[in-house]
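Trainee: Dropping a structure here in structure tokens format, bear with me for questions.
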Amino acid sequence: MNNKGFSLVELIAVLVLLALIIGLAMPAILNAFRSSDDRIEEAEKELLFANARSYFSDTHGVLEDKRYCVKISTLVYENYTKEPIAPSRGDNGKSLYESESVLREANNTYRILPTNTVPARVTCD
């Protein structure tokens, strides 16, 4: 009898080894995807802050030590920035660019916050 090919036990052994290798490698692969998403989000945020600085400089001239605010949708409309590569979505399914603003604090720090939580003494462009 001329046996050509693999037995069922050999095939099952190979499948078990492949499953084990995939199981060990999967967490590392998923972490790599997550960290790259975090880096993209951080880079987009820094770019957004730079674009907001340009907007404030163009519209307000020399910036005093006070708060300035601009809606992200205004930055998009005025061509200071574009929609992000992968826009995150809020609870209502709208792009966060449609419902958030960039706030420049008096100490020249920037942060992104929902437009409806901007302090009352600050008006958003």
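Trainee: In region 34-88, which residue that is under 16 Å from the mean Cα position of the chain (by Cα), assigned to a loop (DSSP other than H, G, I, E, B) and not aliphatic (A, V, I, L, M) is modelled with the highest pLDDT?
Mentor: Thr81
Trainee: Of the conditions (1) free of Cβ contacts under 8 Å to residues at least 40 places away in the same chain; (2) surrounded by 10 or more Cβ atoms within 10 Å (Cβ to Cβ); (3) not in a helix (DSSP H, G or I), Ala13 fails just one. Which one is it?
Mentor: Here Ala13 meets the rest and fails (3).
Trainee: A follow-up question, please. Among the residues of region 97-125, write down those that are within 10 Å of Lys71 (Cα to Cα) and part of a strand (DSSP E or B).
Mentor: Glu100, Ser101, Val102, Leu103, Ile112, Leu113, Pro114, Cys124
Trainee: The conditions are (1) closer than 30 Å to Ile112 by Cβ; (2) part of a loop (DSSP other than H, G, I, E, B), and Lys4 fails exactly one of them. Which is it?
Mentor: Failing condition for Lys4: (1).
The values are calculated or read from the model by the stated rules, or taken from the named source; none is laboratory data. None of these values were measured; they are calculated from a predicted model. Using ideal geometry, Cβ is built from the backbone for each residue, glycine included, and neighbour counts are taken over all protein chains shown.
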